[in-house]
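All remarks here apply to the structure that follows.
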Amino acid sequence: MLDNIKYLMCLKSVDKNILENNFDAALEKLNYLVKEDFKPAQIYLKRGKLCKKLLMFEDAYSDFTYVLTHCAQKKEAYYERLYLNFEISNYYEAILDANMILTWDEANFEIKRIKFLSLVYSMQDGIAVDYILDLFKCNKYKTIQFLFKEVALVLASDEYSKGLKLLEIIDYIDKDNPIKLLKESNIYGLAGDKAKQQEIAKNIESIFPKYFVSHFRFTDMYQEKDLLEICFLLELNIFDTQGLFIYPMKILEGYRNHLEGHIIDSKECFEKAITINPNKPEAYVLLAQTLQLMSGYDNPEYKMDAESNYRIAMEIYRKENQLEKVEEMKKQIKHLTSNLLLH
């Protein structure tokens, strides 16, 4: 019979064998400890981990399951069996193990990630979409950013079908996303399907303009903006081969600089946008608002420049018969001039 001292000495010897890559000797000693039935939860767990390392997946699964069904200390075995189930594509059981773990470890993002991926790879698309959107609090661009990272990970292992499956999920969240289509095209290219690659690449040319127009909107500098969304839209610049959207791209660059605290760079972007298209009112308004932000109490000349830009925008709106916008510009000018009089 083993006592605690002999048990610890044997366990130390097992650890030494594993460290020296003498896996056969380590496994033999663990088998001996299992027969002795001394502290089975620790021994079965240790043997299960070693079996997994040696790609003896059935034996590893059996050991982890033994701990879960026969021992009081189960938590670590649930984590190990979850990782094993996911690795061997036993996705339905991986979901069950993840659900159990999340009852006591509800903030663990890695477990939620594995659950989501298991839902995707087990073809439970609807549940997977709801789950991932809830995970990112319905922030579309955070969700898409996460999915693109996961695609990159599976492609690094040449798992093309998994990459395509993850990209399918993006279609539920953001239909006709050009970057998604580009990645899809690249996967087919890597897989050797050049015809499919070219077909998707051709579709992007017709899809991109409609997509950009439907997603881009002008907003003033005081409205809340999603930096991730703006950065994503700026990435679409690679598809603007005909230069159709140089003006709004420069506006987006100004928004990004503003959100990142680069106010002078933001000002320069709006000035460049005016140079690109001096007949559009939005850049004048955004430049005026930026100048207002820069003026504070020490730079009244910026307020005068702001007023000048508001007046230019007002005249453009008047020519376009956008009377509400004209009135809005009048209010902005009145607000500016009243502040100037106070100083």
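The values are calculated or read from the model by the stated rules, or taken from the named source; none is laboratory data. Just so it is clear, the model here is predicted, and its values are computed rather than measured. As a convention, Cβ positions derive from the backbone with ideal geometry for all residues, glycine included, and neighbour counts pool all protein chains shown. Surface areas here come from the heavy atoms of the whole protein model, side chains and all, with no ligands, DNA or RNA. Shrake-Rupley method; radii C 1.70, N 1.55, O 1.52, S 1.80 Å.
Descriptive notes on the structure:
- Residue in segment 20-33 that is part of a helix (DSSP H, G or I) and within 38 Å of the chain's Cα centre (by Cα) present: no
- Of all residue pairs spaced 6 or more apart or on separate chains, those with beta-carbon atoms under 7 Å, a first member in segment 272-284 that is at pLDDT 95 or above and a second member that is surrounded by 13 or more Cβ atoms within 10 Å (Cβ to Cβ) and of a type in the set (S, T, N, Q) are Tyr284/Asn309.
- Yes/no for Lys225 being part of a loop (DSSP other than H, G, I, E, B) and either in contact with a Cys (Cβ under 7 Å, 6 or more places away or on another chain) or under 22 Å from Asp130 (Cα atoms) (or both): no
- In segment 242-262, the qualifying residues are those that are in contact with a helix residue (DSSP H, G or I) (Cβ under 8 Å, 6 or more places away or on another chain) and open to solvent by 50 Å² or more (accessible area, probe 1.4 Å), and the one that is farthest from Ile333 (Cα to Cα) is Leu244.
- Checking Phe38, Phe86 one by one, the residue that is part of a helix (DSSP H, G or I) and surrounded by 13 or more Cβ atoms within 10 Å (Cβ to Cβ) is Phe86 and no other.
- Asn299 vs. criteria at pLDDT 95 or above and either in contact with a His (Cβ under 9 Å, 6 or more places away or on another chain) or of a type in the set (S, T, N, Q) (or both): no
- The residues listed here are Asp134, Asp59; of these, the one that is assigned to a helix (DSSP H, G or I), under 30 Å from Asp226 (Cβ atoms) and not aliphatic (A, V, I, L, M) is Asp134.
Quick grid of which residues meet (1) surrounded by 15 or more Cβ atoms within 10 Å (Cβ to Cβ); (2) hydrophobic (A, V, I, L, M, F, W, C):
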| position | (1), (2) |
| --- | --- |
| Ala94 | yes, yes |
| Ile101 | yes, yes |
| Glu106 | no, no |
| Phe109 | no, yes |
| Val120 | yes, yes |
| Lys137 | no, no |
| Lys165 | yes, no |
| Ile173 | yes, yes |
| Pro178 | yes, no |
